[in-house]
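A short worksheet on the structure shown next.
The values are calculated or read from the model by the stated rules, or taken from the named source; none is laboratory data. Only a predicted model underlies this, so the values are computations on that prediction, with no experimental measurement involved. Here the Cβ positions follow ideal geometry from the backbone for every residue, glycine too, while neighbour counts run over all protein chains shown. To get the accessible areas, we keep the full protein, side chains included, count just its heavy atoms, and leave off ligands, DNA and RNA. Shrake-Rupley method; radii C 1.70, N 1.55, O 1.52, S 1.80 Å.
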Amino acid sequence: MKGILVTTDNTAEIRDFEAPLYKTIGEAVGGYIEIVHPMGLADPLVMVVNEEGLIQELPMNMLGSLLYGTHMHGSPIAGNIVVMKTGWTCEGPDIVGLTDQECAQLMESFACFLKEG
């Protein structure tokens with residue numbers, strides 16, 4: 001399943017994640033995952049974050065914090081994030097991968113906030 005990994009170094013890349021997602025995405029964000037519904041992304045898009053990022057004192061994720069609305073409520077996103085979406089699997093509601101078109105649109109919309117590389 002495709003998702004967009006946004007790092008604390010302010011870079012982004014489209015990445016394939018294999019099942020079980022809690023492990024492969026957990027490796028990308030550096031710990032236990034938490035699904036966040038940020039105000040800066042339209043439903044069904046979500047951010048998957050490290051649920052203990054602040055406790056682990058991970059660096060702030062600038063784009064993740066902007067999407068989350070940190071400028072309005074003060075609570076930042078710490079650590080790498082993965083942008084995916086909610087949907088349905090055989091087991092019921094879950095996070096699912098992005099289409100190639102969704103990846104391209106998101107990468108284009110994120111471009112002005114990221115380092116050029």
Checklist line | Order by protection proxy (mean Cβ within 10 Å, highest first), peptides 3-14, 19-30, 65-76 | finding: 3-14, 19-30, 65-76
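Counting alpha carbon pairs within less than 8 Å and at least 6 residues apart, what relative contact order, in whole percent, applies to the range 40-95? Walk me through the numbers on the way to the answer.
Working: 79 pairs, mean separation 23.5, N = 56.
Taking the mean separation of contacting Cα pairs over the length of the range 40-95, I get 42 percent.
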Check: Of [x] 1.06; [y] 0.98; [z] 1.36, which is the value of Cα Rg over 2.2 N^0.38 Å derived from the coordinates here?
Finding: [y]
Margin query: Within the range 64-100, name every residue whose backbone N is under 16 Å away from a label modeled 7 Å from Cα of Leu54 along the Cβ vector.
Written below: 64-80
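Express the accessible area of the chain per residue in Å², computed with a 1.4 Å probe while the remaining protein chains stay in the model.
Details: 6700 Å² over 117 residues.
Ligands and nucleic acids excluded, the result is 57 Å² per residue.
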Margin query: Taking the alpha-carbon distance from Lys23 and a cut-off under 25 Å, which lysines remain once sequence neighbours fewer than 8 residues away in the same chain are dropped?
Written below: Lys2, Lys85
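In a shell of Cβ-Cβ distance under 14 Å around Gly26, excluding Gly26 itself, what net charge do Lys and Arg (+1) and Asp and Glu (-1) give?
Details: positive: Arg15, Lys23; negative: Glu18, Glu27, Glu34, Glu51, Glu52.
Surrounding charge for Gly26 is -3.
Report the FRET efficiency, 1/(1 + (r/R0)^6), for Lys23 and Cys90, where r is their Cβ-Cβ distance and R0 is 22 Å, rounded to 0.05.
Details: r = 19 Å, r/R0 = 0.85.
My answer for the efficiency is 0.75.
What relative contact order, as a whole-number percentage, does the chain give when Cα pairs under 8 Å and 6 or more residues apart are counted?
Values: 228 pairs, mean separation 35.6, N = 117.
It comes to 30 percent, rounded to a whole number.
Cβ neighbours within 10 Å, averaged per peptide: list 81-90, 102-111 in order, most packed at the top. Present the calculation step by step, with values, prior to reporting the outcome.
On the way: 81-90: 17.7, 102-111: 14.0.
Put in order of decreasing packing, that is 81-90, 102-111.
Ignoring ligands, DNA and RNA, what percent of the accessible area of the chain is carbon or sulfur (1.4 Å)?
Values: 3640 of 6700 Å².
Answer for the chain is 54 percent, counting heavy atoms of protein chains only.
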